[in-house]
Each structure stands twice: as C-alpha cells, then as structure tokens.
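Here the structure comes first, spelled out in structure tokens, and everything after it is commentary.
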Amino acid sequence: MTQPVSSRGADKALAGIKVLDLTSVIMGPVCTQILGGYGAEIVKVESPEGDIMRHAGAQCEPEMGSMFMHVNHYKKSIVIDLKSDEGRQLLWKLIPDYDVLVHNIRRDAIERLGFGYDAVRAAKPDMIYVALSGYGEDGPYAAKPAFDDIIQAEAGLASLYALQTGNEPAYLPSLIVDRHTGTVAAHRVLASLFRRQACGQGEYINVSMFETMAEFVLSDHLGGKTFDPASKDTGYSRLLTRHRRPYRTSDGYIAAVVYNDKHWKAFFKLIGKPDMFADSRFGSAAGRASNYDTIYKYLSDVFQTDTSASWIASLTAADIPCAMVNDIEMLTNDPHLEAGQFFSTYSHDRSGVTYQAVNKNTANPGHQPPGKGQHTVEVLASHGFTPETIQALLKSKAIQNGLQDEE
C-alpha cells in the first residue's frame, strides 16, 4: 500500500542536526531517541560506568538490558570521564560541532563540571541547550532528586488510584513520568530548531518532570478549581468512578466505551431494551455526566451476562468501541501489530545477538542501540582527532573504547 505523503521522509526531517546526549536512565534517552528517529545524529556521552539502565530488564549479553535498548536506538556511544580534566577538555572540543545539547544532570552538578548554559553558549552561541530536571530551577524543590515514582506521588497520580478504587495509593506500573516528560522535551527541541532556523538564535530549555506531570494530571482533574471563585469539586468524575475499569464478563474481561448518544442507542438495541434510552440518566450527554457511577455500574452488571468473545462480536457489529484485555504475551502476538510489521528482529551489528525491536525502523543498520563506548574512536576520528591523540586519551583513561578488548 502506498504510504500517505505526510509520512514519507519523517526519518530524515532532522538530517544534518547533531545532538550531544549527556542523559541517562529513561527521560533523556526517550527525548533523544525521538530526535534520532527524525534523522538527527545522536552521540551519547556515557561515563566509564555507563548508563545505569544498561543493567535493567532482561538481557542476554552484558550491559545490554532490555530497558536500555528500547530507548537508545539511533545513537552512537562514546565514553568520556567528565570527572577528569582531560575528559572535560575533550567535551569542550566537541561542543562547537553540535546543534543541541541535552542533559539530565542537576544544576549544581552540571555547573561544577563547567557545562552550565552560560559557559556552553559562550562556546556555541546558537546551541539549543536542554536541561531536564525533576523540579525546574526555582522554588523550594529545585535541588531535590527526582525519579518516576516520586513524581507520580507528588503529581497526584498515586492518590488518584486510591480515590478511584478505594484501595491504597499505587504507582502506575509504567515509567509514564519519564516517558511523557521525555516526549514533551523532544517537541520543545523541535520547536526550538524551527525557531533557530528563522532567527539564528539558540535557546535555553528547562523541562521539569513535576510541572509537566502536574499539568498532565490537572488538565483532567482541576475541576471546580478551574474557576474563580473556585468550587471544591476537583476531579473528573467519569475517570474516578470505581466502575470505570475493564468489565468482567462470564469468562474474562473486556474493555468497552459506550460514550455518545449513538453508542447508547445501539447498546440498548443490542441488549433488547431500546426504551432505556428515554431514561434521563442515559439519554443525553448532560444526564450521563451527572450519573457516571450509575451508568458505569449498569454496564458492569450487564457485561457479566455473556462471554468476552460474544460481547466483542456484538459490540463490534454495533460500532461500539471495544477490545479484549491483553496481557503482555497477547500484545506481542497481536494480529494488528503483526499486520503492520510493528515488530522486527535484527542481529546486533556488534555482538551478533538477535533482538526484537518494537518499531520496524529501529532495526535498520545504524539504528541499533550501541554497546558502551562502541563508537568512541570512530566519533573522535570524525572530529579530526589523530590516532596518536586518541591512543593517549585511552591510555590516560579520559575515554574508553568499547571495542578495545576485541582489538
């Protein structure tokens, strides 16, 4: 099938843009992987210890954990010891050749290393400098360390689970804060690159995990505090009713959203009760908005009367949104994903180990996640460093070459 014109060439949109990636863990790597997917050249600068996520998740070779691999495609890895004078001097020699610098190092630490925004701007005036942080640079939390769990708690996500279910607060079993904040940061970079193209100026960007997720949560749940004077009814009741969850059927669970007038008319016809649409609780958007507990409880009771397969068939025929509740094993064998070639396998160009990618483009040669320091010599040579200089840096341990044990 011919692809829509709008989807062609997206992986080349940032061709020629060079990104110096000083990030680790998840948030920063998500940001830079998105930029790499659009064609930017990403050079990932790792410490001698390497990105800690290299050890996270399943792995079949050292320092190539699954969590690391799925956020570090499109990148070359170099190892520089920024705690050494030689390592810092080396980074200064690289900086002028790059368009974007991204880090998730706390402000005091990056200033101690000497790579704060003012210093970098002096060396590269049109640099787009991206500082990813837990809490921004001002306010009482600015110096606090932050992780996904901490922000889920502070931004209200954990308490929303308790409010909806009546159970104890809980974290979403996904690194949603890191991944969402990283995605927001990538879009900030895209906008800044567009701006720089127009005016020739670089920019300082700070993206805060806490503020990003506070906006994420409050956009749904600020409720009555949206107005002045404020009312006390915070929270969006449709999302908070305890009956909004996968529905139990006679033999399992399904997801279904009976949402608008068309859906409700079709649903009542399906179950043989067309007159129910005349009930004011069901027959209009305003009526339903005042009775979410009632209508979701009604659905919960009805869905228990038949099997999952039967409901999926009937709801699909009635054009009511529905789905099976997949576990991870089912998701990896989903026929829609298979039809779209969502998954692909590749033999890693360094180790030969076979991996599965969750985006068909990431399996292409040159798009594979790098071994630690795999490209140190290659990148430095491309910047004009002589073999003698590179060997001296290796000997001083200011850099590491991930392939040196094989040579």
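The values are calculated or read from the model by the stated rules, or taken from the named source; none is laboratory data. Owing to the predicted nature of the structure, the values given are computational and were not obtained by experimental measurement. In this analysis, Cβ positions are derived from the backbone assuming ideal geometry, glycine residues included, and neighbour counts consider all displayed protein chains.
Can you name the number of the only condition in (1) crowded, with 16+ Cβ neighbours inside 10 Å; (2) outside the structural domain of GLN164 (by TED's automatic domain parsing); (3) under 18 Å from GLY156 (Cα atoms) that PHE210 fails?
Going through (1) crowded, with 16+ Cβ neighbours inside 10 Å; (2) outside the structural domain of GLN164 (by TED's automatic domain parsing); (3) under 18 Å from GLY156 (Cα atoms) one by one, PHE210 breaks only (2).
Taking interchain pairs and intrachain pairs at least six residues apart, which have beta carbon atoms under 8 angstrom, with the first residue in segment 183-201 and closer than 19 Å to TYR117 by Cβ and in contact (Cβ under 8 Å) with a residue 40 or more places away in the chain and the second assigned to a helix (DSSP H, G or I) and of a type in the set (Lys, Arg)?
The qualifying pairs are GLN201/ARG195.
Could you list, ordered by first residue, the pairs with Cβ atoms under 9 Å in which the first is in segment 229-240 and not assigned by TED's automatic domain parsing to the domain that holds GLY156 and the second is hydroxyl-bearing (Ser, Thr, Tyr), at least 6 apart or interchain?
SER237/SER290; SER237/TYR292; ARG238/TYR292; ARG238/TYR296; LEU239/TYR292; LEU240/TYR292
Cβ-Cβ distance below 7 Å, separation of 6 or more or different chains: which pairs start in segment 69-93 with a residue that is assigned to a loop (DSSP other than H, G, I, E, B) and end on one that is buried (at least 20 other Cβ atoms within 10 Å of the Cβ) and of a type in the set (D, E, K, R)?
Qualifying pairs under 7 Å: ASN72/LYS44.
Could you list all residues from segment 375-394 that are of a type outside the set (A, V, I, L, M, F, W, C) and without any contact (Cβ under 8 Å) to a residue 24 or more places away in the chain?
Restricting attention to segment 375-394, the residues satisfying the condition of being of a type outside the set (A, V, I, L, M, F, W, C) are 375-376, 378, 382-384, 386-389, 391.
Result: SER382, GLY384, THR386, PRO387, GLU388, THR389, GLN391.
Inside segment 280-371, counting only helices (runs of 4 or more DSSP H) that do not spill past its ends, which hold 1 or more residues that are over 20 Å from TYR247 (Cα atoms)?
285-289, 328-332, 335-339
Got a sec? Which of THR183, THR212 is hydroxyl-bearing (Ser, Thr, Tyr), farther than 16 Å from PRO29 by Cα and in a helix (DSSP H, G or I)?
None of the other options fit; the residue is THR212.
Can you tell me which residue is surrounded by the fewest Cβ atoms within 10 Å (Cβ to Cβ) among those in segment 152-185 that are under 22 Å from LEU22 (Cα atoms) and touching a Gly at 6+ places or on another chain (Cβ under 9 Å)?
Looking only at segment 152-185, we keep the residues that are under 22 Å from LEU22 (Cα atoms), and these are 175-185.
This time we only want the ones that are touching a Gly at 6+ places or on another chain (Cβ under 9 Å), so: 178, 182, 185.
Working: ASP178: 24, GLY182: 28, ALA185: 28.
Filtering segment 152-185 for residues that are under 22 Å from LEU22 (Cα atoms) and touching a Gly at 6+ places or on another chain (Cβ under 9 Å), the one surrounded by the fewest Cβ atoms within 10 Å (Cβ to Cβ) comes out as ASP178.
Starting from residues that are in contact with a strand residue (DSSP E or B) (Cβ under 8 Å, 6 or more places away or on another chain) and in a strand (DSSP E or B), keep the ones in segment 224-263 and report whichever is nearest to ASP293 (Cα to Cα).
For segment 224-263, the residue satisfying everything is TYR247.
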